[in-house]
Amino acid sequence: MTPLSTKVVMESARGIVPPDELWRIRARQRLDTLTKPLGSLGRLEDLVAQLVAIRHGHVALPLSKAVYVFAADHGITAEGVSAYPSAVTHQMVLNFLAEGAAVNVLARLHGVTLHVVDVGVDANFNNIKGLLHRKVCYGTKNMLRDAAMTDEELSLALLVGAQLANEAVDAGLTMLAIGEMGIGNTTSASAITCALMGYSASLATGRGTGLDDAAHARKIATIEAILKRHFAAQTSPSPLEVLRCVGGLEIAAMTGMILAAARLRLAIVVDGFIATSAAALAVALEPKVQGSLIAGHRSEEPGHQLLLDSLALSPILNLQMRLGEGSGAVIAMPIIESAIALYSQMAIFATAGVSEASA
């Protein structure tokens, strides 16, 4: 019998196609007619050509853009893998709703609509306004002792993200930033990186929110034990099994959103390590997703670079950030809009009276 999570993924991914290469060629041809030396806008040219290919030419400004911050708790925090208590997830969600967090400031500055999603916080929000109430359960189980989620919980979390992507299209959005909040989720992201890519825990595990040397060593040892518990008998576990055993509800929701957003031809700006672990899972489930992904930035977590390399993604920014919240992805959005503005508003040689380069 096919697991429910597999059915959800099949439905979300049905119809995904890579960005259209004919549209990319057209974009490159137009870029070469603009009043500038060939290729002189560097990565900006790559970005806008990718967007034109994703959106089939529909890249007019102003972009309608939003950032989705998925929040959930992790049972693994009981093992002392984070410098902060798990209660901070709940507290930070309230901070988002009070517009006091970094992502609030950045979203306001850059005209990005912020959506905060409770997919698995271990607290009751009592229908508080401004929050998208999509709770699957009150956090994952302690993955050192048990699988993080049941298949039903995984399926419901995947559906949360997929449904929000559908709602985003209905609302006229064209670009999404994917972010998260969840104390303990760098442990999940590291375990996912190791299980999916075969890296060692010591290579893929950073200090998260600021662990000292002893706590960092304990975190590495904990991840090694987690991987041994769940995958010792499997040389290459399936992406859904990895997500179910060592993932988080917010990571599952981001995975579902990425799959559905790629099907709907939305540009997807991925934030840091945890969001990129969801992107890696989505690509492992459906490789055609890869061309719809834009890496907003490179975080300081060592596992993030491993994931970026595996996905062949070159981040727009490297600001030595390790915050999460979708903050790096939001900062990258004005650069993407700059690329679109140059592409659509610069004069071309044929009408500007500017001589082209000689052979």
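No lab work stands behind these numbers, since they all come straight from the coordinates. Since we're looking at a predicted model, the values are computed, not measured. Heads up, the Cβs are rebuilt from the backbone with ideal geometry, glycines too, and the neighbour counts pull from every protein chain shown.
Among Ile335, Ile76, Ile16, a tally of other beta-carbon atoms within 10 Å of each Cβ gives an order, fewest to most, of Ile335, Ile16, Ile76. Inverting the pair-averaged 1/r between distinct Cα atoms of region 275-351 gives 13.9 Å as its Kirkwood hydrodynamic radius.
The C-alpha atoms of the chain define a longest principal axis, and helix 185-197 lies at about 80 degrees to it. Relative contact order of region 1-104, taken over Cα pairs closer than 8 Å and 6 or more residues apart, is 20 percent.
Here, region 198-238 is characterised by an Rg to Rh ratio of 1.04, where Rg is the alpha-carbon radius of gyration and Rh the Kirkwood radius. Shape class of region 114-176 from the alpha-carbon gyration tensor: oblate, with a/c at 1.5 or above and b/c at least as large as a/b.
Which of Val121, Ala107, Ala312 sits closest to the plus end of the dipole of the chain, meaning its Cα is farthest towards the positive end, when Lys and Arg get +1 and Asp and Glu get -1 on the C-beta? Checked the options; the winner is Ala312.
Note on region 59-173: Kirkwood hydrodynamic radius from all Cα pairs is 15.5 Å, rounded to one decimal.
Using the Stokes-Einstein relation with a Kirkwood hydrodynamic radius computed over Cα pairs, the translational diffusion coefficient of region 233-303 at 37 °C and a viscosity of 0.692 mPa s comes to 263 µm²/s. Relative to the longest principal axis of the C-alpha atoms of the chain, give the angle of the C-alpha long axis of helix 4-13, reported between 0 and 90° and rounded to the nearest 10°. Compared with the principal axis, the helix lies near 10 degrees.
Neighbour counting of Cβ atoms within 10 Å sorts the residues Arg55, Arg14, Arg30, fewest neighbours leading, into Arg14, Arg30, Arg55.
Per residue, the convex hull around the alpha carbon atoms of region 229-359 comes to 162 Å³. All distinct Cα pairs of the chain go into the 1/r average, and the inverse of that average, the Kirkwood radius, is 20.5 Å.
Can you grab the distance from the C-alpha centre of region 116-195 to the C-alpha centre of region 65-96, Å, no decimals? Region 116-195 and region 65-96 have Cα centres separated by 11 Å.
Assuming a ≥ b ≥ c are the square roots of the Cα gyration tensor eigenvalues, decide whether region 75-132 counts as rounded (a/c under 1.5), prolate (otherwise, with a/b larger than b/c) or oblate. In terms of gyration-tensor shape, oblate.
Estimated from helical segments only, the mean residue ellipticity of the chain at 222 nm is -15500 deg cm²/dmol, where each DSSP H run of four or more residues counts as -39500 (n - 2.57). Helix 213-231 and the longest principal axis of the Cα set of the chain meet at an angle near 80°.
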